[in-house]
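Colleague: I am attaching a structure below and will ask some questions about it afterwards.
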Amino acid sequence: LNNGDFENNLSGWNTYTNTESISTTEAFSGDRALQLSAAGSGIGQTLEAIEGETYTLTGNAKTSSSGYSAVGINFFDENYDYLDGSSKRIIGNEWQAYQLEGSAVAGSRYVQIWAYIDDGNGDVFVDNLTLEAAPRKPSQRSQAKTLSSAPTPQPREMTMQALGSTFLMPTTQPSLAA
């Protein structure tokens, strides 16, 4: 994940409304955090996914908004058609740790990380986003063959660059944004 700590402002992130900003007074750690204030504002970063891998998104967030705000993971096929996703609602005006997982289902080509605020009646702050991928677990049959010959795969930090400037809104049926 590129610039998940927002220390390089919004570099590497696609914005939805161009009202997304960086706070230099509300960071969880470091000097900067993402700030979402306007209704419908959000950010996203799309990376290549590996089918079958489990992706874990972690970060810190807080909100003064009583409306819906969340962080999430979406999976898309090669045509950017939505396949699956998960999200976690941001609640509370104190910094909290958030973690959620999603698996790249059959046909997954891209994984998208996003943060979003729906109503704009307050602020959302997000900081320290990280994304790790863990290879799918081998089936029990093949596991017996591999245990003696290879170590257990460990999660790896995502270091891929963002792809293009496509940002898809976090909905159950997202569509390409212009």
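The values are calculated or read from the model by the stated rules, or taken from the named source; none is laboratory data. Computed from a predicted structure; not experimentally measured. No Cβ is skipped: glycine too gets one built from the backbone with ideal geometry, and neighbour counts run over all protein chains shown. What goes into the accessible areas is simple: the full protein's heavy atoms, side chains included, and nothing from ligands, DNA or RNA. Shrake-Rupley method; radii C 1.70, N 1.55, O 1.52, S 1.80 Å.
Colleague: Looking only at the stretch 76-89, which residues are closer than 30 Å to Gly122 by Cβ and open to solvent by 50 Å² or more (accessible area, probe 1.4 Å)?
Modeller: Tyr82, Asp84, Ser87, Lys88, Arg89 - these are the residues of the stretch 76-89 that are closer than 30 Å to Gly122 by Cβ and open to solvent by 50 Å² or more (accessible area, probe 1.4 Å).
Colleague: Every residue in the stretch 40-61 that is of a type in the set (Val, Ile, Thr) and either in contact with a Phe, Trp or Tyr (Cβ under 6 Å, 6 or more places away or on another chain) or assigned to a strand (DSSP E or B) (or both), please.
Modeller: If the condition is that a residue be of a type in the set (Val, Ile, Thr) and either in contact with a Phe, Trp or Tyr (Cβ under 6 Å, 6 or more places away or on another chain) or assigned to a strand (DSSP E or B) (or both), then Ile43, Thr46, Thr54, Thr56, Thr58 are the ones that fit.
Colleague: How many residues are on the phi > 0 side of the Ramachandran plot, exposed (fewer than 14 other Cβ atoms within 10 Å of the Cβ) and free of Cβ contacts under 8 Å to residues at least 12 places away in the same chain when one looks only at the stretch 3-38?
Modeller: 1
Colleague: Something else about it: Would the stretch 71-93 turn up any residue that is touching a residue at least 60 places away in the same chain (Cβ under 8 Å) and either β-branched (Val, Ile, Thr) or over 16 Å from Thr46 (Cα atoms) (or both)?
Modeller: The answer is no; no qualifying residue exists.
Colleague: Here's something else I'd like to know. Hey, could you check the stretch 41-64 for residues that are within 18 Å of Asp5 (Cα to Cα) and aliphatic (A, V, I, L, M) and say which is surrounded by the most Cβ atoms within 10 Å (Cβ to Cβ)?
Modeller: The selected residue is Ala61.
Colleague: Using the structure shown, decide if Gly120 is open to solvent by 20 Å² or more (accessible area, probe 1.4 Å) and touching a Ser or Thr at 6+ places or on another chain (Cβ under 8 Å).
Modeller: yes
Colleague: Hey, another quick one. Residues of the stretch 90-112 being among the small types (Gly, Ala, Ser) and surrounded by 14 or more Cβ atoms within 10 Å (Cβ to Cβ), which ones?
Modeller: The answer is Gly102, Ser103, Ala104, Gly107, Ser108.
Colleague: Quick check on this structure: which one of Thr58, Thr24, Thr19 is under 24 Å from Val111 (Cβ atoms) and of a type outside the set (D, E, K, R)?
Modeller: Thr58
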